[in-house]
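Let me begin by presenting the structure, written as structure tokens, before commenting on it.
The values are calculated or read from the model by the stated rules, or taken from the named source; none is laboratory data. Remember, predicted model here, so these are calculated numbers, not experimental data. As a convention, Cβ positions derive from the backbone with ideal geometry for all residues, glycine included, and neighbour counts pool all protein chains shown.
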Amino acid sequence: MTTAGASNVTAPPLSQSKQGLMACPFLYRDRVINGSEEADNPFKQRGIEVHDGIAAYIEHLVKTKQTSDPAHFETLLTTGVGMETFEILRSLKDVLVIDPEKVLGVEMYLALDKKLNPIEMPEEPVRRGHRTEMGVDFEGTLDFVQFTAYNEAEIFDWKSYFNAIDADTFQAHLYPLLLFKHYPGLEKIRFVLRFVRYGTLARDVVFTRDQVPELEAMVLTERRRQLKLHDAAETIDFANGDIDLALAAEQRLSPMPGNHCAWCPKMSASIRAQFVAQTTGIAAAANQSECCPIASINPWVQQSPEDRLRYAVFMDQARKENATILREYVQANGPVTIKDSNGQPYTAGYDLVNKERFPAETTIEGLITWAKQTGEDLLSKVFIGSTELKPLLKAKKRQALSDLMSSIVVTIATNKWHIGKSDDEEEEG
């Protein structure tokens, strides 16, 4: 197993939050290397309140050996949390159920050294936040961990996102690795993102112990990236007049726009400053250190989210109208073709395409046979889509069949991107 490198550069432990900041080297430098404080914001406060509320509730259940306690949960909602937090937590009252005998930890801090060996902390953290004890290279605070078997465990991470993202993230690699290292008897870990706005909605990924080298490679790669950022900062500080060396290091710490801009406080400050300048004609008095240094060219700053929604609504309607006209023209007159400046042709027309469908009866028979031969049950993972089945159930003569299907239907909650009125048909973005 390789290590994070033999560099003498020092850096704080790599955590999920620091890895997220590394998406923009400038923001990482500002927040971690220079130690600038993040301005308080309602989103950060909401996250803290949600985590604290759930942690307090689960600790109460473990202490009192209960699977749930709705009455006590109600008392937690009166502890001065914000209205949004109140609504989120209230939606969990009836669905947050645990087995107190299987709980391994709540707000469980785990750490590894540079060789990925577990470090036993001398005491439990007394508050949320990352620890920086000497010798810690990797760290994480696991929201909730429970055993599902004597050698299997689940890690739950509470998310108050509006979108249910996939669980295969850096955090999904780091946290199971931390748990595997501290508990050598574990053979399988399920990492679960639980989207608390939507009750039981979750996304998960499963790792087994034979995948530990894969997890190690992921976190070591990110640690090397982190050390390079600190190395660049030190190079700038000790360039001793070597302009070329300093400029090369400065480039490695340059701002990088991307989807991380959506939550960056510097982007929000830049949009506010831009709005003031546009509406009053007066340059914003905001501290420029609080703004994005590439605001003038950062596409995330050029329009407010509200302006982007207005533009999206306009473009969506224009696209629909344009597509309708184009389809009707092609239906009557045949395909339309154009070429771009490079000679690349583009055609609007109707193409005959083959879509593969598997007959339900023979498919089910095949999956049953496979299960008998191999012991692998794939049938439980196959569902028949409502798009194809529902039209067959509308006929009155099939009411009994419709009732049967209604009794066995499985509803899978998911997020769909939607722009338009609340009663518009949703479309994937």
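At-a-glance table
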item	result
All helices (runs of 4 or more DSSP H) inside the stretch 164-282 with 3 or more residues being within 25 Å of the chain's Cα centre (by Cα) and of a type in the set (D, E, K, R)	212-237
Filtered residues of the stretch 188-211 (kept if crowded, with 17+ Cβ neighbours inside 10 Å, hydrophobic (A, V, I, L, M, F, W, C) and farther than 24 Å from Leu89 by Cβ)	Ile189, Phe207
Scope the stretch 32-65; condition more than 18 Å from Gly105 (Cβ to Cβ) and either more than 23 Å from the chain's Cα centre (by Cα) or modelled with pLDDT of 90 or more (or both); matching residues	Val32, Ile33, Asn34, Gly35, Ser36, Glu37
Pairs where the first residue, in the stretch 394-409, is without any contact (Cβ under 8 Å) to a residue 40 or more places away in the chain and the second is surrounded by 10 or more Cβ atoms within 10 Å (Cβ to Cβ) and acidic (Asp, Glu), C-beta under 8 Å, 6+ apart	none
Residues (under 15 Å from Phe358 (Cα atoms) and surrounded by 11 or more Cβ atoms within 10 Å (Cβ to Cβ)) located in the stretch 387-399	Leu389
Test for Ile338: is it out of contact with any Cys (no Cβ under 6 Å at 6 or more places or on another chain) and surrounded by 11 or more Cβ atoms within 10 Å (Cβ to Cβ)	no
Residue within the stretch 341-359 that is without any contact (Cβ under 8 Å) to a residue 40 or more places away in the chain, part of a helix (DSSP H, G or I), over 30 Å from Arg310 (Cα atoms) and polar (S, T, N, Q) present	no
Qualifying residues in the stretch 66-102 (those that are free of Cβ contacts under 8 Å to residues at least 60 places away in the same chain and of a type in the set (Val, Ile, Thr)) - the one nearest to Glu154 (Cα to Cα)	Ile98
Search result, residues across the stretch 73-90 that are among the hydroxyl-bearing types (Ser, Thr, Tyr) and more than 22 Å from the chain's Cα centre (by Cα)	Thr75, Thr78, Thr79
Residue ID - modelled with the highest pLDDT, chosen from residues in the stretch 346-355 that are surrounded by fewer than 10 Cβ atoms within 10 Å (Cβ to Cβ) and within 21 Å of Thr324 (Cα to Cα)	Tyr346
Where a residue in the stretch 325-340 is more than 15 Å from Leu352 (Cα to Cα) and its partner, wherever it lies, is among the hydroxyl-bearing types (Ser, Thr, Tyr), with Cβ under 6 Å and at least six apart	Thr337/Thr347; Ile338/Tyr346
Residue count, the stretch 293-318 (criterion: outside any loop (DSSP other than H, G, I, E, B) and polar (S, T, N, Q))	1
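Results for (1) out of contact with any strand residue (DSSP E or B) (no Cβ under 8 Å at 6 or more places or on another chain); (2) farther than 13 Å from Asp30 by Cα; (3) surrounded by fewer than 19 Cβ atoms within 10 Å (Cβ to Cβ); (4) free of Cβ contacts under 8 Å to residues at least 12 places away in the same chain, shown as yes or no for each residue.
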site: Gln226; (1), (2), (3), (4): no, yes, no, no
site: Ala233; (1), (2), (3), (4): yes, no, no, no
site: Asn240; (1), (2), (3), (4): yes, yes, yes, yes
site: Ala246; (1), (2), (3), (4): yes, yes, yes, yes
site: Gly258; (1), (2), (3), (4): yes, yes, yes, no
site: Cys261; (1), (2), (3), (4): yes, yes, no, no
site: Cys264; (1), (2), (3), (4): yes, no, no, no
site: Ala269; (1), (2), (3), (4): yes, yes, no, no
